[in-house]
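Input: a single structure, listed below in structure tokens.
The values are calculated or read from the model by the stated rules, or taken from the named source; none is laboratory data. This is a predicted model, so every value here is computed, not measured. Every residue, glycine as well, gets a Cβ built from its backbone with ideal geometry; the counts of neighbours run over all protein chains shown. The protein model used for the area step is the full one, side chains on, heavy atoms only, and it has no ligands, DNA or RNA in it. Shrake-Rupley method; radii C 1.70, N 1.55, O 1.52, S 1.80 Å.
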Amino acid sequence: MQDISTEDVVDALTDHENGEALDLVTQLYSNWSREDGQTIEARIKYATRCAQMIYDSKRYEDVVTWLDTIATKISDEDGPDSEEYAAFVEDEGLETLRMKATDKALGEDEEDDDDYNDGR
């Protein structure tokens with residue numbers, strides 16, 4: 001697996017037409033996690049960093065998709081009843097980011113200034 005830089009991932013995420021961007025995020029996540037020993041703490045830390053990069057690129061639906069992909073990967077590797085899987089899906093920081101991304105994707109977090117600011 002080739003090394004990938006954070007800058008490469010950010011560039012890919014900025015290009016909203018790049019269909020491989022989430023694969024690059026996953027590769028970066030895997031590299032970071034592997035370097036840090038694959039502990040659940042490392043997985044959560046790096047998943048948070050990666051999901052935040054996706055969120056910062058305004059790819060809100062992709063945040064949820066990517067987090068689901070990583071949760072599935074952990075479930076497949078450690079089992080759906082494992083402590084690792086439970087810790088990942090129950091992490092408050094990841095859940096908060098997921099909810100913010102969901103709200104943004106649904107347009108619920110946008111202020112509707114046009115209704116109240118008619119130029120007067």
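Summary of computed values
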| read-out | value |
| --- | --- |
| Listed residues Thr65, Ala87, Ser33: farthest to the positive end of the dipole of the chain (Cβ charges) | Ser33 |
| Per residue accessible area in Å² of the chain, where ligands, DNA and RNA are left out and the probe is 1.4 Å | 63 |
| Relative contact order of the chain, pairs being alpha-carbon contacts under 8 Å that are 6 or more residues apart, as % | 20 |
| Helical mean residue ellipticity (222 nm; -39500 (n - 2.57) per DSSP H run of 4+; nearest 500) of the chain | -22000 deg cm²/dmol |
| The chain - Rg (one decimal) and Dmax (whole number), Cα, Å | 16.3, 60 |
| Accessible carbon and sulfur surface of the chain relative to its total accessible area, %, 1.4 Å | 42 |
| Where a label projected 7 Å from the Cα of Glu20 along Cα→Cβ would reach, residues of segment 32-58 with amide N under 20 Å | 32, 54 |
